[in-house]
Amino acid sequence: MGDIIIEETNHRAFAMTMASFFMLAASTAICIYGFMKENKFYKIVGLLVAIIFLIGFLAAIIQATKTKILFIITMDGIIDCPSIGGYGFISYKDIKEFEIIHLHGLETIAVILKNRDEFISKLPQNKKRLAKRNLSLNQPAIILHTDLAKDMVPEDILSLLQKRLKDYKRLYE
């Protein structure tokens, strides 16, 4: 059994692509209007802005086609790697269980740790602050944000995590 990769949706990049496309179309229309009315100002401004938005549109397409990994479920643990606030590798030996919680109106997966203080002490300083902040807000120390998961709902991800945790415990405990 290999690693399970949960990808992140890229709504922002898609929105930027569409915005760049519409701005490119508008600047092209201005340039065409300048050629039809023989107005140099509209021709030059439309052409320059169209070139700028063409470059922006191409960059947005490249950004939208990149796949971002939300987290990876391995045989030994979870690699949490979203663009903001990932914890890195979390071993199954530190995990007691998983559960779905509602946080700010979204379903997320809480990682319930066996020894919370020991795990937090091993984290880098910025991740340690994030975990302590979560605890001060009466939340679990580690939260896997599944709202951006591509083509998966939190219940599906939870079942995959629970199965891997059960397999790990059966093999190593």
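Please state which one of Ala64, Ala59 is within 30 Å of Phe21 (Cα to Cα), modelled with pLDDT of 90 or more and of a type outside the set (Asp, Glu). Quick ask: steps written out before the conclusion?
Numbers: Ala64 fails: modelled with pLDDT of 90 or more.
The unique qualifying residue is Ala59.
Within the group Phe53, Phe57, Phe71, which residue is farther than 30 Å from Asp151 by Cβ, open to solvent by less than 80 Å² (accessible area, probe 1.4 Å) and aromatic (Phe, Trp, Tyr)?
Phe53
Among the numbered criteria (1) open to solvent by 100 Å² or more (accessible area, probe 1.4 Å); (2) in contact (Cβ under 8 Å) with a residue 60 or more places away in the chain, which one does Thr9 miss?
(1)
Can you work out which of the residues in segment 23-46 that are of a type outside the set (D, E, K, R) and surrounded by fewer than 12 Cβ atoms within 10 Å (Cβ to Cβ) is nearest to Leu58 (Cα to Cα)? Walk me through it before giving the result.
Within segment 23-46, the subset of a type outside the set (D, E, K, R) is 23-36, 39, 41-42, 44-46.
Applying the additional criterion that residues be surrounded by fewer than 12 Cβ atoms within 10 Å (Cβ to Cβ) yields 36, 41.
Numbers: Met36: 27, Phe41: 26 Å.
My answer is Phe41.
Considering only residues of segment 88-102 that are assigned to a strand (DSSP E or B) and acidic (Asp, Glu), which is nearest to the chain's Cα centre (by Cα)?
Narrowing segment 88-102 to residues assigned to a strand (DSSP E or B): 88-91, 95-102.
Okay, now just the ones that are also acidic (Asp, Glu), so 97, 99.
Working: Glu97: 23, Glu99: 20 Å.
Only one residue fits best here, namely Glu99.
The values are calculated or read from the model by the stated rules, or taken from the named source; none is laboratory data. Here the structure is a predicted model, which is why all the values come from computation and not from measurement. Note that each Cβ is placed from the backbone with ideal geometry, even for glycine, and that neighbours are counted across all protein chains shown. For the accessible areas, the whole protein counts, side chains as well, though only heavy atoms, and no ligand, DNA or RNA atoms are used. Shrake-Rupley method; radii C 1.70, N 1.55, O 1.52, S 1.80 Å.
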